[in-house]
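Please read the structure below before turning to the comments.
The values are calculated or read from the model by the stated rules, or taken from the named source; none is laboratory data. In this text, all values refer to a predicted model and were calculated from it rather than measured experimentally. Note: ideal-geometry Cβ built from the backbone for every residue, glycine included; neighbour counts use all protein chains shown. In case anyone asks, the SASA skips ligands and DNA or RNA and just uses the protein heavy atoms, side chains included. Shrake-Rupley method; radii C 1.70, N 1.55, O 1.52, S 1.80 Å.
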Amino acid sequence: MISGRFALVAACYGSFLADIDAFAPSTKYQPLHYASSGLQVSTLQQEDKYEHEQAKETKNVNFEEWIADAPEEVTDWKHCPITDGGTIPTYVQGTLIRNGGGVWTTGNYNNDEFSHIFDGFAKIHAYRISSQKVECKSRFLQGSWYKNFLQRGKQSFPPGIGTGPVLDSTSKQPKLGVMRTIQALINSATIFDNTPVNIWDYQPNMKEHDMNSKKTIAALTDAPPRTIIDFNSMDTISSSTINNLASGAKGYELLITAHPMYSQSKEDDEDSVYTYNVAVELGLQGPRVNLVRETSQGQRSVVASVPSHDGIPYFHSFGLSANYAMMVLQPLRLDTSALLELGFLRAMNHVDQTRIVLIELSSGDVVLDQSIDEKIYFYHSISQAEILNKEDPNN
């Protein structure tokens, strides 16, 4: 437990552990050992088929519908009628945008099948709400990765480094091979720009219909690629395989979380809001974890940087309060020897500790860097807050 002025409230998602468990070479479901009783999840043995089927029936959340192919697009704003008899309150105005994969398979052509929800070709859905009416659009992001898929006649996926491997849809085994591995390395450096995980507005203070400039949003993933989208038309403006080099960076930015966070400081001006994120950088002295700050104008800088001496860590999110950022290094490290063929989520090694790093935003000072024996696995840091000592407001 961390005492003092700072406290972190977070939720640890069991789905991530379930993914890791599924990657084990054993064909049996092994019990998952969680960090605390509140996170404990019982798993089932495959030998007892009846119990397994019962569990699937009672715990089914229609997850298969999340990864069902949806190749159709709505390219023009279309009226979406409300069919249940309800009405939208007059005060609800704005545009809701959701991001996710739209295609995971090639059908019967080449038997290609993505094995992770983060690998489907990025597709956005937008809902424009005004005057108690809703208009909608759905568009595939037109980056180099998706265009390569179109050039292949939608019959095969371009080889690359994904969250998981591309599977043979019949045998459910990863598609491997020396030439495929070489092509995956080349493609990942040159054309990989698939961003199906999140949507972020780096210009939150810009109005939707600004007469002086075009408002844009960005689609993100757990890697540097970023897709810029016209906020009003939902057209893809540009995409990139890497981010602009951050001031203070000393190496290659390999990973960056899909969940940046806005500064809570009152010092931000009307034209610019700071966005913070955590990136993993590879350099001559080994991997480092960087806290990166980005302005609404796109200027990126490293606020603080800490080395990771025991390997390359994986991040999907981090915590942020008004004055501090918290980076939790889960006990997982990337195995680069397996990365090209199996994707980074199956290329994980375990270490014995969870490391917690606390950074003061104003100075960039590392005020806490502590490893604990408890193994904590999670996807999302839900909330972070600073608790003021009422007896001593300065502490």
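Structural remarks
- Computed E for GLU208/ASP352 - FRET, C-beta separation, R0 41 angstrom, nearest 0.05: 0.25
- In the context of the full set of protein chains, residues of region 227-376 present 44 Å² of accessible surface per residue (probe radius 1.4 Å, heavy atoms only).
- Paramagnetic reach from THR190 in region 116-159 [backbone N under 17 Å; point 7 Å along Cα→Cβ]: 144-152, 157-159
- Per-residue 3J(HN,Hα) values for region 132-141, derived from phi via the Karplus relation 6.51 cos²θ - 1.76 cosθ + 1.60 with θ = phi - 60°, read 6, 10, 10, 10, 9, 9, 9, 9, 6, 6 Hz in sequence order (x marks Gly and Pro).
- Region 320-395, relative contact order [Cα under 8 Å, separation at least 6], %: 31 percent
- Applied to region 357-362, the Karplus parametrisation 6.51 cos²θ - 1.76 cosθ + 1.60 on θ = phi - 60° returns per-residue 3J(HN,Hα) values of 10, 10, 10, 7, 5, 5 Hz, with x for Gly and Pro.
- Applied to region 82-91, the Karplus parametrisation 6.51 cos²θ - 1.76 cosθ + 1.60 on θ = phi - 60° returns per-residue 3J(HN,Hα) values of 8, 9, 9, x, x, 10, 8, x, 5, 7 Hz, with x for Gly and Pro.
- Portion, in percent, of the accessible area of region 288-395 that falls on carbon or sulfur, probe 1.4 Å: 45 percent
- Portion, in percent, of the accessible area of region 82-227 that falls on carbon or sulfur, probe 1.4 Å: 52 percent
- Across the cross-link table entries LYS147/LYS215; LYS123/LYS175; LYS147/LYS375; LYS133/LYS215, which are compared at the Cα atoms, the separations over 31 Å belong to LYS147/LYS375.
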